[in-house]
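*Asks:* I have a structure I would like to understand better, so I am pasting it below and will then ask my questions one at a time.
The values are calculated or read from the model by the stated rules, or taken from the named source; none is laboratory data. If you're wondering where the values come from, they're calculated on a predicted model, not measured in any experiment. In this analysis, Cβ positions are derived from the backbone assuming ideal geometry, glycine residues included, and neighbour counts consider all displayed protein chains. To get the accessible areas, we keep the full protein, side chains included, count just its heavy atoms, and leave off ligands, DNA and RNA. Shrake-Rupley method; radii C 1.70, N 1.55, O 1.52, S 1.80 Å.
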Amino acid sequence: MSVQSYLSLSPEVAGALSAGKPVVALESTIITHGMPYPQNLSMAREVEDVVRANGAVPATIAIMDGKLKVGVSGEDLEVLAREGHKAAKASRRDMASLLANGVMAGTTVATTMQISALAGIKIFATGGIGGVHRGAEASFDISADLEELGRTPVAVICAGAKSILDIAKTLEVLETNGVPVLGFGTDDFPAFWARESGHKVDQRFDDAAGIARMLTIQSDLGMGGVLIANPIPEEDAWEASAIEGFITQALADADAQGIKGKAATPFLLQRMFELTGGKSLESNIALVKNNAKVAADIAVALAGKRA
Ligand code: PSU
Ligand code: MN
């Protein structure tokens, strides 16, 4: 069967894509594994609303009913949010097995990029990407997101990488994989809850039009993904020093409980939620919405260039 036969596009997304209208992909592991219910559901709905309010069509992507769904319905969003950790977490290697067994799954950044590319979507907004975990020199735990960014031509708008990861090593691997790391209005690569990590981005762009020009050239050159790092809004940001203690504690807890592999990121996010009395989640939701806005602006600028 053709690749297309595994895809199921909502009528709205299919219509927008064939008309050349701006579309922004959204991932679903953030719904199933990244946030607790019911905040995950309200976040998912609000982020779709932000994309619409800024002139683009949202396409939340998930694996459901034996299909790669692009633009899940309101009911499907609710099913994903309630299912939470009972759903699978789909990375690149899981896709064929999940489809073969008809298993429901949230899609990670890597898998959402893959499915976006199959559907013809160029822009994708999320919170934070996976990266090189602290201690990776022993565990070898490096997210498949970094490899996918190197090969799949989709631009990912994120708030950087969380400092539960090793940000310096994450940036090194992105460089090895040939991934441009752009700062949106910043020279410093943001650290998710904090606006700065102390590490530089490759290039800074101050508006969506500039990014759209860059993405057009990247595509003309036949190159892979681009990472666009957009700092969390000032009013929702933490000082790096204020959050480091919680991160150290969360990492120590993961170690003590022997949490590793694909369970690591969801566990650390949940521990951060508990340790910060829910404040890490409020910031997380704010930064995802901020990324959705920038992604919609870039998608609109790109659609204008093609028109
Ligand atoms: N970071 C977050 N929230 C998330 C994730 C990362 O703040 O929900 C999810 C994304 O889907 C990302 C995945 O692609 O975790 C990375 O998982 P891993 O480290 O196992 O590759
Ligand atoms: Mn991993």
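*Asks:* Among (1) open to solvent by 10 Å² or more (accessible area, probe 1.4 Å); (2) at pLDDT 95 or above; (3) not hydroxyl-bearing (Ser, Thr, Tyr), which single condition is residue 260 missing?
*Replies:* Failing condition for residue 260: (2).
*Asks:* Residue under question is residue 246, and the condition is that it be within 15 Å of ligand 1 (Cβ to nearest atom) and farther than 30 Å from residue 53 by Cβ; does it hold? Show your work before the answer.
*Replies:* Working: within 15 Å of ligand 1 (Cβ to nearest atom): yes; farther than 30 Å from residue 53 by Cβ: yes.
So residue 246 fits the description; yes.
*Asks:* Exactly one of these conditions fails for residue 10: (1) more than 19 Å from residue 122 (Cα to Cα); (2) small (Gly, Ala, Ser); (3) more than 16 Å from ligand 1 (Cβ to nearest atom). Give me its number.
*Replies:* (1)
*Asks:* Considering only the stretch 94-122, how many residues are more than 13 Å from residue 28 (Cα to Cα) and away from ligand 2 (no atom under 16 Å from the Cβ)? Let's see the steps before the verdict.
*Replies:* Step one: filter the stretch 94-122 for residues more than 13 Å from residue 28 (Cα to Cα), giving 94-103, 114, 117-122.
With away from ligand 2 (no atom under 16 Å from the Cβ) added as a condition, the list becomes 95-103, 114, 117-122.
Total meeting the criteria: 16.
*Asks:* Can you name the residue in the stretch 263-281 that is among the small types (Gly, Ala, Ser) and within 12 Å of ligand 2 (Cβ to nearest atom) and is also least open to solvent (accessible area, probe 1.4 Å) among such residues?
*Replies:* Residues of the stretch 263-281 that are among the small types (Gly, Ala, Ser), as a first pass: 263-264, 277-278, 280.
Okay, now just the ones that are also within 12 Å of ligand 2 (Cβ to nearest atom), so 263-264.
On the way: 263: 49, 264: 11 Å².
Filtering the stretch 263-281 for residues that are among the small types (Gly, Ala, Ser) and within 12 Å of ligand 2 (Cβ to nearest atom), the one least open to solvent (accessible area, probe 1.4 Å) comes out as 264.
*Asks:* Among the candidates 141, 145, which residue alone is touching a helix residue (DSSP H, G or I) at 6+ places or on another chain (Cβ under 6 Å) and over 24 Å from residue 2 (Cβ atoms)? Spell out the reasoning first.
*Replies:* Details: 141 fails: touching a helix residue (DSSP H, G or I) at 6+ places or on another chain (Cβ under 6 Å).
After applying the criteria, what remains is 145.
*Asks:* Just for strands (runs of 3 or more DSSP E) wholly inside the stretch 62-169: which have at least 1 residues that are in contact (Cβ under 8 Å) with a residue 60 or more places away in the chain and open to solvent by 10 Å² or more (accessible area, probe 1.4 Å)?
*Replies:* 67-70, 88-90
*Asks:* Considering only the stretch 160-180, state which residues are aliphatic (A, V, I, L, M) and touching a Lys or Arg at 6+ places or on another chain (Cβ under 9 Å).
*Replies:* The first filter runs over the stretch 160-180 and keeps only residues aliphatic (A, V, I, L, M), leaving 161, 164-165, 167-168, 171, 173-174, 179.
Those that are aliphatic (A, V, I, L, M) and touching a Lys or Arg at 6+ places or on another chain (Cβ under 9 Å): 164, 165, 171.
*Asks:* Then there is this: Scan the stretch 8-25 for residues that are in contact with a strand residue (DSSP E or B) (Cβ under 8 Å, 6 or more places away or on another chain), open to solvent by 20 Å² or more (accessible area, probe 1.4 Å) and within 19 Å of residue 65 (Cβ to Cβ) and jot them down.
*Replies:* 8, 9, 10, 12
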